[in-house]
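Working notes, structure below.
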Amino acid sequence: MPDYTYVTTQNVFDVYENENFVPMGFTYDYYITRGYYDDLSAQERSQVLLSAICLTDEQVERYSDILDQLPGYLGPDLSVDTFRYNCQQRRLSAGDSFTYDNHGFTSHITLSKENLVFFSVPYDSGWSATVNGEPAEVEKVNIGFMAVKAPAGENTIRFTYDPPGLKAGLVVSAVGFTT
């Protein structure tokens, strides 16, 4: 793969650094629809997701005022130069901090305009989010990851995970212990 630099060998494993890393919590300027995504080859899919966020038709209706549809001329380009450029663009639109703990994660990002902030964390119904302390809808995007809408300016985004069924299971367990 292009742009991996050898760092060291630990035991029998070679360690490389990816110079084209993409941080957690970034934005896109463009979207694609799920139908467009489904029509692409596997290799094209991974490339286009560096250029545009994949939304359902319902999400397109909600967010087409803040994102533009990916122009045809920016479609899947499998060249190394385009890969590098898209990685750089995602890094430039990324938050300046990302921390995690036992209950979720927090990110800080400054946006020049209202946008969806994408996190490459698998979507699950147990996730909830706040943006600047206010509840935010967690969107399932990019075929199974998460994003939240954030306004222009400085934003603190907090995701909290509560496993579905945990509270009910604790109640049932507590009742079981008392009988």
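The values are calculated or read from the model by the stated rules, or taken from the named source; none is laboratory data. Just so it is clear, the structure is predicted and the values come from calculations on it, not from any experiment. Glycine gets a Cβ as well: all are built from the backbone with ideal geometry, and neighbour counts include every protein chain shown. What goes into the accessible areas is simple: the full protein's heavy atoms, side chains included, and nothing from ligands, DNA or RNA. Shrake-Rupley method; radii C 1.70, N 1.55, O 1.52, S 1.80 Å.
So the values come out like this:
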{"read-out": "Failed item, numbered, when residue 33 is tested on (1) farther than 18 Å from residue 122 by Cα; (2) touching a residue at least 40 places away in the same chain (Cβ under 8 Å); (3) hydroxyl-bearing (Ser, Thr, Tyr)", "value": "(2)"}
{"read-out": "Close pairs from the range 125-137: first closer than 16 Å to residue 25 by Cα and open to solvent by less than 50 Å² (accessible area, probe 1.4 Å), partner part of a loop (DSSP other than H, G, I, E, B) and at pLDDT 95 or above, Cβ under 9 Å, at least 6 apart", "value": "127/138; 129/137; 129/138; 131/151"}
{"read-out": "Selection within the range 24-75 - part of a loop (DSSP other than H, G, I, E, B), surrounded by 14 or more Cβ atoms within 10 Å (Cβ to Cβ) and not β-branched (Val, Ile, Thr)", "value": "24, 25, 28, 29, 40, 49, 50, 51, 67, 70, 75"}
{"read-out": "Residues of the range 106-119 satisfying the condition of being within 18 Å of residue 160 (Cβ to Cβ) and open to solvent by 20 Å² or more (accessible area, probe 1.4 Å)", "value": "106, 108"}
{"read-out": "Selection status of residue 99, more than 12 Å from the chain's Cα centre (by Cα), surrounded by fewer than 15 Cβ atoms within 10 Å (Cβ to Cβ) and at pLDDT 95 or above", "value": "yes"}
{"read-out": "Hey, residue 6 under 30 Å from residue 154 (Cβ atoms), not in a loop (DSSP other than H, G, I, E, B) and not β-branched (Val, Ile, Thr) or not", "value": "no"}
